[in-house]
Amino acid sequence: MPAIGIDDLSFATGTYRIELAAIAERLGVDPAKFEHGLGQVEMSVLAEDEDIVTLAAAAALPIVERAGREGIRTILFATETGIDQSKSAGVYLHRLLGLGDHVRAVELKQACYSGTAALQFAAALVARDPAERVLVVTSDVARYELGTPAEPTQGAGAAAFLVTVEPALVELEPASGVFTRDVMDFWRPNHRHTAIVDGKSSISAYIDAVAGAFEDYRARGGAAFDEIDRFCYHQPFTRMAAKAHRQLAERLSSSRDGAALDAQIDDTMGYNRRIGNSYTASVYFALAALLEAEEDLTGRRVAIASYGSGSVAEFLSGVVVPGYRERSRVEAHERLLAARTLLDDEAYLALQRSVQRDDPSNYETQRQTSGPFRFAGVRDDKRIYEPTA
Ligand code: COA
């Protein structure tokens with residue numbers, strides 16, 4: 001069986017950003033709470049004419065431009081922020097990317113987890129036909145009620161990756177562990193724009209589920225905890241990675257502690273600290289940050305610990321491929337983050353409220369996005385997407 005894994009990884013985020021200090025001031029909270037207690041300094045905010053489809057297309061376009069469209073027969077679109085109850089966001093994406101007719105496009109949902117299900121489904125398709133290259137896109141906008149403790153853990157972004165044989169970035173190892181338990185820690189009923197969350201119970205449900213998935217990973221021949229070099233956790237806020245890693249180490253009686261544990265996760269947080277929560281994309285922003293950090297990880301074992309409230313977790317590992325840095329998109333990614341326009345609190349609040357439309361069946365959006373595609377609005381209940389150029 002040839003090696004299968006991630007061949008390319010690219011991301012996109014909102015046109016705007018807000019510093020969490022501005023939100024702290026309005027809420028009358030010590031800004032150190034957000035920076036140190038949550039591990040967040042700022043978050044991305046979408047323009048009126050951006051949504052999960054425009055973000056996904058902006059993330060995936062550099063991949064198809066570099067690798068070509070040949071052999072891409074499947075788009076797996078993972079999201080919690082679905083825009084339609086029936087039609088897959090992957091179909092809109094398919095057109096924006098200019099892919100041919102002979103492609104299947106579907107959407108997958110399980111809170112923040114479904115990108116990792118997509119990775120496994122993609123690997124299975126590639127195992128069946130090594131000529132296939134599967135495009136996985138994770139794209140989300142995290143929205144909670146304003147003025148609640150969850151407000152500073154919003155954010156938005158999309159991470160796209162290509163799953164192929166003989167991948168250039170990370171080769172997946174065969175073992176993976178899974179865990180499902182019906183918990184009401186976070187959910188979003190169909191009539192709501194914002195998620196309902198029981199924050200404290202979501203933290204403990206997350207840790208239990210990841211520990212359960214790790215146990216299953218081990219039972220299926222996965223590496224021992226101390227044989228894994230770096231850990232990419234789902235990061236609803238980056239301090240969550242530290243909490244999860246320390247608790248897992250303690251439960252497994254790891255020989256590592258303190259600084260040695262921090263060193264295994266520190267490089268995974270660079271992007272999420274600045275983007276905020278991006279639900280399905282978050283763990284792949286962690287992987288991107290790790291692979292684009294200074295340290296050379298050639299030949300090292302990296303774990304992905306994926307969690308979606310509700311709840312499902314999966315733990316899997318892979319090995320970093322020699323030459324992976326030649327594929328790095330670090331400059332483009334840094335440029336994208338630096339180019340975001342800083343909003344003040346008032347402008348951010350106005351944008352947050354703009355998702356509530358008087359007539360959701362018909363409206364136009366203002367031209368704001370700096371990305372390659374825009375969401376122009378809704379006409380007779382049909383969403384309109386177009387290139388910006
Ligand atoms: N300086 C530094 N740290 C401070 C601080 C200060 N002035 N004030 C508080 N903190 C720390 C707290 O000690 C706590 O850290 P700890 O957990 O290590 O003890 C942290 O900041 C968070 O504060 P806390 O008051 O415990 O929580 P909160 O009510 O602000 O809620 C969440 C935090 C994450 C639960 C909330 O933002 C949320 O519900 N988010 C959405 C759901 C989510 O992200 N779930 C995660 C699993 S998917």
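Label positions at ASP296 and THR180, each projected 7 Å from the Cα along the C-beta direction, are separated by 4.4 nm.
Could you tell me the number of lysine pairs in the chain with C-alpha atoms less than 16 Å from each other, where the two lysines are 8 or more residues apart or belong to different chains?
Working: LYS33/LYS200; LYS33/LYS243; LYS87/LYS109; LYS87/LYS382; LYS200/LYS243.
For the chain, qualifying lysine pairs total 5.
Ranked for footprinting exposure by Cβ neighbours inside 10 Å, fewest first, MET43, MET240 give MET240, MET43. Farthest toward the positive end of the dipole of the chain, out of ILE83, ALA224, THR238, is the Cα of ILE83, where the dipole comes from beta carbon charges about the Cα centre.
Looking at the chain, send over the antiparallel percent of its DSSP beta bridges, to the nearest 5. Spell out each step's value before the answer.
Working: 51 of 69 bridges.
Close to 75 percent.
Around the amide H of GLU50, modelled in the peptide plane, lie the amide H atoms of PHE375, all under 5 Å away and 5 or more residues distant in sequence or on another chain. In order along region 226-233, the Karplus-derived 3J(HN,Hα) couplings, from 6.51 cos²θ - 1.76 cosθ + 1.60 at θ = phi - 60°, round to 6, 9, 9, 7, 9, 10, 9, 9 Hz, and Gly and Pro are given as x. Database remark: amide H of GLU42 closer than 5 angstrom to the amide H of LEU20 (H placed geometrically; neighbours at sequence offset of 5 or more, or on other chains; Pro and chain starts carry no H). Length gained on full extension, ASP226 to ASP380, computed as 0.36 nm times the residue gap minus the Cα-Cα distance: 49.8 nm. For a test of the definition: using alpha carbon positions, the gyration tensor, and the 1.5 limit on a/c, classify region 239-346 as rounded, prolate or oblate. In terms of gyration-tensor shape, oblate. Could you tell me how far the Cα centroid of region 196-215 sits from the Cα centroid of region 330-389, in Å? One Cα centre to the other: 32 Å.
A DSSP coil position with no more than 13 other Cβ atoms inside 10 Å describes the following GluC sites (Glu not before Pro) in region 251-356: GLU294, GLU295. When LEU76, LEU351 are arranged by Cβ crowding within 10 Å, least crowded first, meaning fewest neighbours, the order is LEU351, LEU76. Taking a ≥ b ≥ c as the square roots of the eigenvalues of the alpha-carbon gyration tensor, the chain is classed oblate because a/c is 1.5 or more while a/b is no larger than b/c.
Placing unit charges on the Cβ atoms of the charged side chains and taking the dipole of region 340-387 about its Cα centre, the candidate lying farthest along the positive direction among SER354, TYR385, THR365 is TYR385. Judged by the ratio a/c of the largest to the smallest principal axis of the C-alpha gyration tensor, region 117-212 counts as prolate, that ratio being 1.5 or greater while a/b is larger than b/c.
Scan region 290-377 for trypsin sites (Lys or Arg not before Pro) in coil per DSSP, keeping those whose Cβ has at most 11 other Cβ atoms within 10 Å, and list them by number. Show your work: numbers first, answer last.
Details: sites: ARG300, ARG301, ARG325, ARG327, ARG329, ARG335, ARG340, ARG353, ARG357, ARG367, ARG374; in loops: ARG300, ARG329, ARG340, ARG357, ARG367.
Within region 290-377, the qualifying trypsin sites (Lys or Arg not before Pro) (loop, at most 11 other Cβ atoms within 10 Å) are ARG367.
Here region 239-258 and region 1-45 have alpha carbon centers that stand 22 Å from each other. Magnitude of the charge dipole for the chain, about its Cα centre and with charges confined to Cβ atoms of Lys, Arg (+1) and Asp, Glu (-1), is about 540 debye. Residues whose amide H comes within less than 5 Å of that of SER317, counting only those at least five positions distant or on another chain, are GLU173, ILE304 (H built at 1.01 Å from N in the peptide plane).
Once you charge only the Cβ atoms, +1 for Lys and Arg and -1 for Asp and Glu, what is the size of the charge dipole of region 1-115 about its Cα centre, to the nearest 20 debye?
Numbers: 10 positive and 17 negative charges, 87 e Å.
That gives region 1-115 a dipole magnitude of about 420 debye.
Residue exposure proxy: VAL210, VAL64, ordered by other Cβ atoms within 10 angstrom of their Cβ from fewest to most, comes out as VAL64, VAL210. From its DSSP helices (H runs of at least four residues, each -39,500 (n - 2.57)), the chain gives a residue-normalised ellipticity at 222 nm of -9000 deg cm²/dmol. Are there GluC sites (Glu not before Pro) in region 1-95 that DSSP puts in a loop and that have at most 12 other Cβ atoms within 10 Å, and which ones? Of the GluC sites (Glu not before Pro), the ones in loops of region 1-95 whose Cβ has at most 12 other Cβ atoms within 10 Å are GLU70.
Rule-based calculations on the coordinates, nothing more; no lab input. Keep in mind the model is a prediction, meaning the values are calculated, not measured. Don't worry about glycine lacking a Cβ; one is built from the backbone with ideal geometry, like all the others, and counts go over all protein chains shown.
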